[in-house]
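Heads up, the thing below is written out as structure tokens.
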Amino acid sequence: MQSFFGKSVYKGIVVGPVVVLGKSDSQVRRKKIEDTDLEIKRVEQAGEQAREQLQKLYDKAVKEVGEASAAIFEVHQMMLEDEDYLDAIHNMIQTEKVNAEYAVAVTGDNFSEMFASMDDDYMKARAADVKDISDRLVRNLSGDKEVDLGNMEPAIIVAEDLSPSETVQMDKEKILAFVTVHGSTNSHTAILARMMNIPALIGVSMNLDEIHTGMQAIVDGFHGEVVFEPSEELCDTALQKVAEEKEKQQLLQTLKGKENITLDGRKINIYANIGNVGDVGYALENDAGGIGLFRSEFLYLGKTDFPAEEEQFQAYKQVVQMMAGKKVIIRTLDIGADKQVDYFHLGKEDNPAMGYRAIRICLKQPEIFKAQLRALFRAAVFGNLSIMYPMITSTEEVEMIYDVVHEIKKELEKEQIPYKVPEQGIMIETPAAVMVSDELAEMVDFFSIGTNDLTQYTLAIDRQNEKLDDFYNPHHKAIMRMIQIVVENAHKCGKWAGICGELGADLELTERFVRMGVDELSVAPSMILKIRKIVREMKAG
């Protein structure tokens, strides 16, 4: 029996068999060859096979998670055409007279290390992509078949980390839990786990050489623990907890269709946070009252150029139509800080979290902002769409936004394109916005509090820095007081105020937020019914 701890990204408990995803068991061996032209031709054939595989993955991903999230496979196809990468492989084959498998593996490792050592976060993320591509080429060259993740039996997925190409192939109904050595709370794996309501642990210090497919395991997301080959007694205890959790989930299902009203009659809106069009299904499945945060930057990530107005319009229109009259709040572009996109040419910053990002980019590069606003105004005709602007610090910024809005209205009218100016709100995620929220409330239709950034800016703590985890306290008195100030200033002007940050899903704070007067909580779809239960069983007064 082996027990390991990690960071839980979704609470729950499961017992089941393990499937270990990792490198192929067959080592890539260096072999001396004579016919270098033949080896280069083999690389080209493996590349063609990889392009076909990636196209199938792209097509599958578009259907399941939407075009924006599927774009990573287009990026992988383009990286297969990268001249520097291919030249390095061909050069090694020709100069060292080595086999194609070895040249690809070594080149992949070299390029991956190069990207990983870069300061730019976006370029660092490309390290995993290069490794994914190189592993695919080596498999094709070796004649190894990919693990059939679509036809596996229900299992706990254990891996160093999971690439998009692996997660998209999985039959989501057969994943019991995720356990990975690496990863972050914002990784593809973590987001998928929260969407699917399954336990997931990241940052687990386990040796994958000692863990094998077929082992039994317990994944306890409540305590952040995974136990391999547990004792019969431990299994029985865990299965009892599983049964209890299943019963709780069934009871939660009875809350579908019920209103979010406290015992003394106070109504709270409980909405869903989503990252792309494909996530709408999770919001509807969990009975969300609306979409409180649609992260529009997912339309920009994983691409090589700006998404066109028409592409954005179709995505926004699809979401509002699928939500059939329920409110959909779309956050304008929030690129920068930890979300880097190379074609924006943002450059390196010593302190990107406080740098050129979000609304600052939009106001400095209005052509990008205008394309998005035009798409949003056009989509507003088809449903209940609202817009919110991130990283606001002053009334002057709101005035500048409204100047752009005025220009867009004139353009669309001149072009005789149907449009509607939707409800417009702002995110409160800087202490500056809190302190002038009384003035801001007079200018906008609503506030949505982004507690993730508000906490890091208020406490002067980088939330990405693991060394500061012990100091990062989202329950800090200062944060609670700021939320109270924002809510009161909104209500004085007859406006509503919600929370769309991670804190909104903190069940320890739900009652407190309701009593503060928070009007809306926007959370991961899996948390909606849990919060509804608390709201319906409490008194607001």
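The values are calculated or read from the model by the stated rules, or taken from the named source; none is laboratory data. Computed from a predicted structure; not experimentally measured. Note: ideal-geometry Cβ built from the backbone for every residue, glycine included; neighbour counts use all protein chains shown. Note: accessible area is taken over every heavy atom of the protein model, side chains too, but ligands, DNA and RNA are not part of it. Shrake-Rupley method; radii C 1.70, N 1.55, O 1.52, S 1.80 Å.
The number of residues in the stretch 364-384 that are open to solvent by less than 10 Å² (accessible area, probe 1.4 Å) and either among the polar types (S, T, N, Q) or at pLDDT 95 or above (or both) comes to 7.
Residues of the stretch 277-322 that are farther than 25 Å from C362 by Cβ and in a loop (DSSP other than H, G, I, E, B): N286, D287, A288, G289. The residue of the stretch 298-333 that is least open to solvent (accessible area, probe 1.4 Å), among those that are over 29 Å from D82 (Cα atoms), touching a residue at least 40 places away in the same chain (Cβ under 8 Å) and of a type in the set (S, T, N, Q), is T332.
Summed over the stretch 88-121, residues that are in a helix (DSSP H, G or I), open to solvent by less than 20 Å² (accessible area, probe 1.4 Å) and not polar (S, T, N, Q) total 6.
Considering the stretch 442-457, and only residues there that are in contact with a Ser or Thr (Cβ under 9 Å, 6 or more places away or on another chain) and part of a helix (DSSP H, G or I), the residue that is farthest from V421 (Cα to Cα) turns out to be Y457.
Residues in the stretch 517-528 that are open to solvent by 20 Å² or more (accessible area, probe 1.4 Å) and in a helix (DSSP H, G or I): M527 alone. Per the listing E511, E439, E488, the residue uniquely outside any loop (DSSP other than H, G, I, E, B), surrounded by 16 or more Cβ atoms within 10 Å (Cβ to Cβ), modelled with pLDDT of 95 or more and of a type in the set (D, E) is E511. Scanning the stretch 353-363 for residues that are farther than 11 Å from I401 by Cα, part of a helix (DSSP H, G or I) and open to solvent by 50 Å² or more (accessible area, probe 1.4 Å) turns up just one, M354.
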